[in-house]
Amino acid sequence: MSRSNDGLDVLVDDDAGTQTKYLNGPGIDNKQRVQTGSGVSYFLADHLGSTNGLADQSAAVVNQTSYDSFGNAIGNLGTRYQFTGREFDSFSGLQYSRARWYDRNLGRFISVDPIGFGGGDINLFAYVRNQPLWFRDPMGLQPGGDVLSQPSTWQVIGAAAAAASAWVPPVAVAATGAAAIYGAAKLGEYTASHPSNPFVNGPLNPFGNPYPGSRPFPPISVSPTSQPYCMPVPRAIPFYRTPTLPWPEPNPDREGCAEEISQCYQLCAKAQFDPDMRNIWGGSVSTCMRGCVSARCQKGLKF
């Protein structure tokens, strides 16, 4: 199939001699009419330019659909120009957004933004910064180039108010029902606990009334100052030394031995590879350590 474009918009599709002609409105992705042979249909679009339906010459809707926020269609249209007026490829399930392809099932592009962070989003796969109800991206680069054809703020406010008004009756009914249920529960609680209720504080109580003239099970409050009570007192957990492991006793005769042994070990390690220190090395680490560590610090050590 070959195409003829008028700028960025397709003007004519030629499929083996069968031509489909489009009438484009101002801006971009603003299809107004489609004609194949003698059949003519008119595009019905929303504020994003999404094709919601096709009407014939008598203004009868012959085809319609709806979309979720990221463009998943419910129903089939007789045109490939669908969500935000862009071309949908039924074979791949992707939407052609000129610079790259958009997957409406994932709600994101399948490749990074060609202009990188110049698109204004740190997520290079994101679609219109995850605000598809407000913006569209006809070029696949960044939202804002042709956003809603610059709609009036009052139009947006009016649409929001109309949508909110549709929810007012159901919300009012739900609020009234909740208030009625709450009031009925409180009234039942008050009636059940009232002393004049014979089903609770009288002979009609099938379980008997152990406290005549009062509620069958009144709350019992116990004051620590008037009745005995138990209160745990925190205690420290004792530590017992294992008899087989006596406490180490300080040995003044071995003070400084750790530092001396460390210094000798460093000296022997250096002498192992220094030809000028062969007289200190002695042929092995143990020989060098025995010659370096004093007799006082060698007690109990094995080199």
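The values are calculated or read from the model by the stated rules, or taken from the named source; none is laboratory data. Keep in mind that this is a model prediction, so the values were computed, not measured. Positions of Cβ are generated from backbone atoms using ideal geometry, with glycine treated the same way; all protein chains shown enter the neighbour counts.
Computed values, structure above
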read-out: Filter result (modelled with pLDDT under 95, under 15 Å from residue 138 (Cβ atoms) and among the β-branched types (Val, Ile, Thr)) within segment 17-62; value: 28
read-out: Answer residue from segment 28-65, given it is part of a strand (DSSP E or B) and β-branched (Val, Ile, Thr) and is nearest to residue 16 (Cα to Cα) among those; value: 36
read-out: Test: residue in segment 68-78 that is within 23 Å of residue 139 (Cα to Cα), in contact with a strand residue (DSSP E or B) (Cβ under 6 Å, 6 or more places away or on another chain) and either among the small types (Gly, Ala, Ser) or modelled with pLDDT under 95 (or both); value: yes
read-out: Condition check for residue 12: in contact with a Ser or Thr (Cβ under 8 Å, 6 or more places away or on another chain), part of a strand (DSSP E or B) and over 20 Å from residue 135 (Cα atoms); value: yes
read-out: Residue list for segment 77-126, filter: surrounded by 14 or more Cβ atoms within 10 Å (Cβ to Cβ), of a type in the set (A, V, I, L, M) and farther than 25 Å from residue 46 by Cα; value: 115, 124
read-out: Test for residue 65: is it over 28 Å from residue 127 (Cα atoms), in the same structural domain as residue 110 (by TED's automatic domain parsing), of a type in the set (S, T, N, Q) and out of contact with any Cys (no Cβ under 9 Å at 6 or more places or on another chain); value: no
read-out: Some residue of segment 97-105 being without any contact (Cβ under 8 Å) to a residue 24 or more places away in the chain and of a type in the set (Asp, Glu); value: yes
read-out: Answer from 71, 118 - the residue that is in contact (Cβ under 8 Å) with a residue 12 or more places away in the chain, on the phi > 0 side of the Ramachandran plot and of a type in the set (Gly, Ala, Ser); value: 71
read-out: For residue 48: the one exception among (1) in contact with a strand residue (DSSP E or B) (Cβ under 8 Å, 6 or more places away or on another chain); (2) on the phi < 0 side of the Ramachandran plot; (3) not aromatic (Phe, Trp, Tyr); value: (1)
read-out: Total residues in segment 281-298, condition surrounded by 12 or more Cβ atoms within 10 Å (Cβ to Cβ) and part of a loop (DSSP other than H, G, I, E, B); value: 7
read-out: Which listed residue, of 185, 163, is at pLDDT below 80 and exposed (fewer than 10 other Cβ atoms within 10 Å of the Cβ); value: 163
read-out: Unique match (being in the same structural domain as residue 32 (by TED's automatic domain parsing) and either modelled with pLDDT under 95 or not in a loop (DSSP other than H, G, I, E, B) (or both)) among 134, 154; value: 134
read-out: Matching entry among 63, 52 (being in contact with a Ser or Thr (Cβ under 7 Å, 6 or more places away or on another chain) and buried (at least 17 other Cβ atoms within 10 Å of the Cβ)); value: 52
